[in-house]
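Read through the structure below, which is laid out as structure tokens, and then see the notes.
The values are calculated or read from the model by the stated rules, or taken from the named source; none is laboratory data. Here the structure is a predicted model, which means the values were calculated and not measured. Reconstructed Cβ throughout: ideal geometry from the backbone, glycine too, with neighbour counts over all protein chains shown. The protein model used for the area step is the full one, side chains on, heavy atoms only, and it has no ligands, DNA or RNA in it. Shrake-Rupley method; radii C 1.70, N 1.55, O 1.52, S 1.80 Å.
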Amino acid sequence: MTASATTIRLTVGQAIVRFLANQWSERDGVRQKLFAGCLGIFGHGNVAGLGQALLQNELAGGAEHLPYVLARNEQAMVHLAAAYARQKDRLQTWACTASIGPGSTNMLTGTALATVNRLPVLLLPSDTFATRVSEPVLQELEVPYGGDLTVNDAFRPLSRFFDRINRPEQLPSALLGAMRVLTDPVETGAVTIALPQDVQAEAYDWPLELFAERVWRVARPPAEAADIADAAAIIRSARQPFIVAGGGVHYSGAEAALRAFCETTGIPVGESQAGKGSLPHGHPQAMGAVGSTGTTAANALARDADVVIGIGTRYSDFTTASRTAFQDPAVRFVNINVARFDTGKHAGLSIVADAREALTALGAALDGYAVAPEHRQRQARLWRDWDARVEATYHPGPEVVDTLPAGVLTQGMVLGRVNELSDPRDVVVCAAGSMPGDLHKLWRVRDRKAYHVEYGYSCMGYEIPGGIGVRLADPDRDVFILVGDGSYLMMPTELVTAVQERVKVIVVLVQNHGFHSIGSLSESLGSQRFGTRYRYRDDATGRLDGAKLPIDLAANARSLGATVIEVRSPDELDRAIKDAKAIPADGGPVVIHVETDPTVHAPDSDSWWDVPVSQVSELDSTRQAYQSYATHKASQRLHLAPTEPTPDDQAGEPR
Ligand SMILES: Cc1ncc(C[n+]2csc(CCOP(=O)(O)OP(=O)(O)O)c2C)c(N)n1
Ligand SMILES: [Mg+2]
């Protein structure tokens, strides 16, 4: 076949690279490249297909340039891409290429994380031969009952879009479908195009128009007027309304609209993990975190709320304290979300819309409405009480400090020092362990993009690659990655990527010799911290309660090329933070190693999280925990009553 002037002969891999380099997203009149680049790890599945295409692209440079970055672990590269997308408000992301078999299945956890958190990431797992002539190839899963099944079919339930390119002709529609999903705020998540190794290298005459620049406008759907009118009627009759701000507030860039809405109406705001920072710390309506890891201020207001306005929230169990957060028997919900899937939760009144658009419309419809002055006063009182507890956690007195072993700090002190010595725009990154809950409660957020805790999938190992993604997305902010010893051990690998790409991130490695989080949880559930300590198996007991392990994670980080600072006192920590901040932007990763006492806890949330306890047991500890579990369980609410304006609401009568 010869190519005419309207076609170009390229391999499937070359066509993908050329296509991706020409995709743009646009919102509010601002355009940006949809793909910052392509992350990858090569093996026989992609080295000569997509790998050759990326090489050719790199050597050519120019407008089509799609930078290639070599990662160390495929799961980590998907985390990096997801974190990047989150920091960019979902307007930009990365593609990820992996080899056949383990290279590709390593991406599954990252894929689930992206979809759970609704973050756009493009995955290009390599697949076994479409022609099947050489089967079974290295790393092929042979399924006796299905010749067309491969390990990559495991991506299907984790992806919002999945396709496999068995013939070049299938590529254009797959690419267009993938871009549609990546840039749609409702559908977005992980998008997978599986690429058989032979097809990647196969040539085809592509119509040139496939490679035209394409701009994908990210929608801001407005609310239905009737929904806004109903919501306004319901809110006008509320005595103690309460807002739950979720990640949708950030993705929509609705912070200013939310602030204006709260200031006029006086409605207080509680934030989910993804929504934290929707209002800056210190704003009169900012009650901080809500739910299982919430502040006592937000949780008290949530408990008594008669109308809950959910904005861009999924209402996860942490946010609703496993459906115990809202205890007014007649509580009603008004839910604003781009996804109808979420607006329907808790039988709420559904406002399917962009958060910024809906808040602006609702603010106008509520003209003249404000909560009673006592409601504002209560917020101020509750917040003062909570903030004093935070202050005492950041700066504990001798009654705590004097009990600490030499060289050991509390986790609250560490969070406090980092918070106070970082710049307001610096970003804190975390994902799993005890720190996400503590950060949710304690961290004082001063900028809309300064808080990045991945708590949809809460994936140990996300922290370091996630922090690198944030830094690449926002290179003029310092990034503080708070990582526990358990999470660090799962995935320190991308420190090497940060060294290679000269990406500065400041990792605060909190060593407490095991799982503080799951240890405390285990204890509270009667399971006695079983299996949560990094200790030798004791010869006498046969259990993991011997001496601490002789591990040196500081040396480990140093061996991976990071600059390491070990601290053993608050003063040393202060100096380390300042020194780390002074390191130049191309100075690579810095690791501050600090040891903390896992028995000192953050202040309590007056809240609960549903984790089932064994109903029968030989252990007293478990039997006692079950009693307490049953009590909490009894306060769970289903929230099934439909929310619609009553005649009283319509008449503008307070209930
Ligand atoms: C990949 C993964 N495996 C298991 C878990 C369950 N889990 C949550 S926190 C945690 C322990 C984290 O330990 P560490 O990082 O040391 O933090 P710490 O609890 O000590 O603060 C575990 C095992 C998880 N969230 N992610
Ligand atoms: Mg730990």
**OP:** Residue by residue through segment 586-615, note down the ones that are of a type in the set (Asp, Glu) and in a loop (DSSP other than H, G, I, E, B).
**Re:** Asp586, Asp597, Asp604, Asp606, Asp610
Original post:
Hey, Leu509 hits all of (1) aliphatic (A, V, I, L, M); (2) open to solvent by 10 Å² or more (accessible area, probe 1.4 Å); (3) within 13 Å of ligand 2 (Cβ to nearest atom) but one; which does it fall short on?
Top reply: (2)
Subject >> Top-ranked residue in segment 440-481 [being open to solvent by less than 10 Å² (accessible area, probe 1.4 Å) and without any contact (Cβ under 8 Å) to a residue 60 or more places away in the chain; ranked as farthest from Gly110 (Cα to Cα)] >> reply: Val479
**OP:** Within segment 438-491, count every residue that is within 16 Å of ligand 2 (Cβ to nearest atom) and of a type outside the set (A, V, I, L, M, F, W, C).
**Re:** 10
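Kindly indicate which of Gly270, Gly266 is at positive phi, open to solvent by less than 10 Å² (accessible area, probe 1.4 Å) and modelled with pLDDT of 95 or more.
That would be Gly266, the only listed residue that is at positive phi, open to solvent by less than 10 Å² (accessible area, probe 1.4 Å) and modelled with pLDDT of 95 or more.
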**OP:** Please indicate, with yes or no, whether at least one residue in segment 97-110 is within 14 Å of the chain's Cα centre (by Cα), on the phi < 0 side of the Ramachandran plot and open to solvent by less than 10 Å² (accessible area, probe 1.4 Å).
**Re:** yes
Subject >> Total residues in segment 525-580, condition touching a residue at least 40 places away in the same chain (Cβ under 8 Å), open to solvent by less than 40 Å² (accessible area, probe 1.4 Å), of a type in the set (S, T, N, Q) and farther than 25 Å from Arg417 by Cα >> reply: 0
Original post:
Out of the residues in segment 390-411 that are open to solvent by less than 10 Å² (accessible area, probe 1.4 Å) and either at pLDDT below 95 or of a type outside the set (Val, Ile, Thr) (or both), which is farthest from ligand 1 (Cβ to nearest atom)?
Top reply: Tyr394
**OP:** Could you tell me which of the residues Val418, Val428 is within 14 Å of the chain's Cα centre (by Cα), within 16 Å of ligand 1 (Cβ to nearest atom) and at pLDDT 95 or above?
**Re:** Val428
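Could you tell me whether Gly368 is without any contact (Cβ under 8 Å) to a residue 12 or more places away in the chain and in a loop (DSSP other than H, G, I, E, B)?
Values: without any contact (Cβ under 8 Å) to a residue 12 or more places away in the chain: yes; in a loop (DSSP other than H, G, I, E, B): yes.
In short, yes.
The rows are residues; the columns are (1) under 30 Å from Arg86 (Cβ atoms); (2) in contact (Cβ under 8 Å) with a residue 24 or more places away in the chain; (3) of a type in the set (Phe, Trp, Tyr).
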site: Thr192; (1), (2), (3): yes, yes, no
site: Asp198; (1), (2), (3): no, yes, no
site: Tyr204; (1), (2), (3): no, yes, yes
site: Pro207; (1), (2), (3): no, yes, no
site: Arg239; (1), (2), (3): no, yes, no
site: Gly266; (1), (2), (3): no, yes, no
Original post:
Taking Val408 and the conditions (1) more than 23 Å from Leu119 (Cα to Cα); (2) away from ligand 2 (no atom under 16 Å from the Cβ), which numbered condition does it fall short on, given that it satisfies the others?
Top reply: (2)
**OP:** Go through segment 388-421 and count every residue that is among the acidic types (Asp, Glu) and touching a residue at least 24 places away in the same chain (Cβ under 8 Å).
**Re:** 1
Original post:
Val199: β-branched (Val, Ile, Thr) and not in a helix (DSSP H, G or I), yes or no?
Top reply: no
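When you look at His375, is it in contact with a Gly (Cβ under 7 Å, 6 or more places away or on another chain) and either away from ligand 2 (no atom under 16 Å from the Cβ) or modelled with pLDDT of 95 or more (or both), yes or no? Let's see the steps before the verdict.
Values: in contact with a Gly (Cβ under 7 Å, 6 or more places away or on another chain): yes; either away from ligand 2 (no atom under 16 Å from the Cβ) or modelled with pLDDT of 95 or more (or both): yes.
Criteria met by His375.
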Subject >> Positions within segment 286-312 being of a type in the set (S, T, N, Q) and open to solvent by 10 Å² or more (accessible area, probe 1.4 Å), in sequence order >> reply: Ser292, Thr293, Thr296
